[in-house]
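Here the structure comes first, spelled out in structure tokens, and everything after it is commentary.
The values are calculated or read from the model by the stated rules, or taken from the named source; none is laboratory data. Predicted, not measured: the structure shown is a model, and the values here were computed from it. Cβ placement follows ideal geometry from the backbone for every residue including glycine, while neighbour counts extend to all protein chains displayed.
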Amino acid sequence: MKVVVTGGGSGGHIYPALAIIDGLQRHVDSLDILYIGAKRGLEQDVVPRHQIKLVTIHAKGLLVPGYAAKLSGMIAALRGLWEALRILRQFRPQVVVGTGGYVCGPVGVAAVMLGIPLVLQEQNVWPGFTNRKLAPWAASVLVPYEEARRNFPPKTQIRVVNNPVSIRLTESRDEARQKLGLDPDVAVLLATGGSQGAMALNHFLTSWLPRLLEHSEWGLLWMTGKRYYPEVMRSLATIDLDPKRIQVVEYFYEIQTYLRASDVFLGRAGAMSLEDCVAFGLPAVLVPSPNVSEDHQTRNAEVFVKRGAGYLVRESQLMDQGAATLERMLGDHDLRGQMSRDVRALYNPHAESDIVEEILKVAKG
């Protein structure tokens, strides 16, 4: 069976695609996967590390300011469409799976033009521009929450399935903490601004850290992002950090170990960050990025809060509202326990296999 997978520009599109590929590889015996990404996209670095065949086409975002940038994006999209048509004609897949991002546009249009069934997987409550425009022509659109249904055009073939998360970790919470050298009894906050880090979150944590240090029963796992790490470490140079309670790193290379060792999450409201919280039962304090297209992180956070799984704090309110919320959660074992149960209730351990099942159904007509 031949399958084309496309999606890129950011980890939020790439990692769901990789999880879907992982599921296909484990459920389909004879499988030939081709990943179509964008030239200069993050997928050029990430996808080959997973031993997946990658080809690239020209593609740029269209939701950009300025006529010149929009024109450049349109020219790249037309060029990418021609390249995608050539690749699909040569590869001849039974199905094309798209996870969004601007590269998904030309590939999805090419699939429709060639009569190849198209499956879209949307990670957010508010769908991205590409998936929204391709949806009417897709054989199936997979969304993570029921609330996403109303944000697609009428008659879109929608199925509600959680975002795919492959849990490969077998360690218990105590084993994860032992591996990281953490005190087994502290209430641990996992804080991250995403793969690139977030300046606002780093500034908040730097200011709030003395307050955390006053509580010996609280701990912190803090990922700064590589570009912010030197600055953060300079600001903490005069503070004695006990690694059994507080660890500051530039990147979580074994993210699932850190998730398993933690009790509360602080970070952005990207779709896959939320799905990690669901998979590991972490109640969250969510700070939507004000710099993402169409404010989709706020919509994600609102759905999470509605289900009792976390709190939404605006970036501008971090120093006051954020600090108070974190201190309440870290200091209240019963509250954390109830919220953790509410988070776990959202988890679908069969999401990956459900997505694979839908793809195979579409591929077989």
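Here G181 meets the list (1) outside the structural domain of R26 (by TED's automatic domain parsing); (2) on the phi > 0 side of the Ramachandran plot; (3) modelled with pLDDT under 95 almost entirely, failing just condition (3). Under the condition of being among the basic types (K, R) and either without any contact (Cβ under 8 Å) to a residue 12 or more places away in the chain or within 22 Å of P349 (Cβ to Cβ) (or both), the residues counted in the stretch 102-159 number 3. For the stretch 327-355, the candidate set comprises residues that are surrounded by fewer than 20 Cβ atoms within 10 Å (Cβ to Cβ) and hydrophobic (A, V, I, L, M, F, W, C); within that set, the residue that is modelled with the lowest pLDDT is A345. For the stretch 257-274, give me each residue that is of a type in the set (V, I, T) and crowded, with 23+ Cβ neighbours inside 10 Å. The answer is V264, and nothing else.
Say we look at the stretch 282-317 and pick out the residues that are small (G, A, S) and surrounded by fewer than 22 Cβ atoms within 10 Å (Cβ to Cβ); which of these is farthest from the chain's Cα centre (by Cα)? The qualifying residue farthest from the chain's Cα centre (by Cα) is S316.
Which one of these is at pLDDT below 95, under 24 Å from A324 (Cα atoms) and touching a helix residue (DSSP H, G or I) at 6+ places or on another chain (Cβ under 8 Å): I239, I246, I255? Of I239, I246, I255, the one residue that is at pLDDT below 95, under 24 Å from A324 (Cα atoms) and touching a helix residue (DSSP H, G or I) at 6+ places or on another chain (Cβ under 8 Å) is I239. Taken as a whole, the structure places G365 among residues that are over 20 Å from Q123 (Cβ atoms) and in a loop (DSSP other than H, G, I, E, B). Selection within the stretch 46-72: residues that are under 27 Å from V3 (Cα atoms) and out of contact with any strand residue (DSSP E or B) (no Cβ under 7 Å at 6 or more places or on another chain). The member of this set that is modelled with the highest pLDDT is Q51. Filtering the stretch 275-303 to residues that are in a loop (DSSP other than H, G, I, E, B) and within 21 Å of P127 (Cβ to Cβ) leaves P288, S289, P290, N291, V292. Checked against (1) under 26 Å from P184 (Cα atoms); (2) surrounded by 15 or more Cβ atoms within 10 Å (Cβ to Cβ), A324 passes all but condition (2). So is V112 part of a strand (DSSP E or B) and of a type in the set (A, V, I, L, M, F, W, C) or not? Answer is no for this residue.
Taking (1) surrounded by fewer than 24 Cβ atoms within 10 Å (Cβ to Cβ); (2) under 18 Å from A19 (Cβ atoms); (3) modelled with pLDDT under 95 in turn, N124 satisfies each apart from (1). Under the condition of being closer than 30 Å to G219 by Cβ, touching a Phe, Trp or Tyr at 6+ places or on another chain (Cβ under 9 Å) and at pLDDT 90 or above, the residues counted in the stretch 132-178 number 2.
If you go through the stretch 304-351 and keep only what is within 20 Å of L212 (Cα to Cα), of a type in the set (V, I, T) and assigned to a helix (DSSP H, G or I), you end up with just T325. Just to be sure I understand, how many residues within the stretch 118-166 are over 25 Å from G365 (Cα atoms) and in a helix (DSSP H, G or I)? Here the count works out to 6.
Selection of the stretch 256-274 for residues being within 18 Å of G197 (Cα to Cα) and in a helix (DSSP H, G or I) yields Q256, Y258, L259, A271, M272, S273, L274. I'm told E254 meets every condition in (1) farther than 19 Å from E275 by Cβ; (2) surrounded by fewer than 15 Cβ atoms within 10 Å (Cβ to Cβ) except one. Can you identify the failing condition by its number? Here E254 meets the rest and fails (1). Filtering the stretch 167-180 for residues that are of a type outside the set (F, W, Y), surrounded by fewer than 21 Cβ atoms within 10 Å (Cβ to Cβ) and assigned to a strand (DSSP E or B) leaves an empty set. Scanning the stretch 198-235 for residues that are assigned to a loop (DSSP other than H, G, I, E, B), buried (at least 17 other Cβ atoms within 10 Å of the Cβ) and either among the β-branched types (V, I, T) or out of contact with any Asp or Glu (no Cβ under 9 Å at 6 or more places or on another chain) (or both) gives a single hit, T224.
A residue that is modelled with pLDDT of 95 or more, buried (at least 19 other Cβ atoms within 10 Å of the Cβ), part of a loop (DSSP other than H, G, I, E, B) and not assigned by TED's automatic domain parsing to the domain that holds L274 occurs somewhere in the stretch 74-97.
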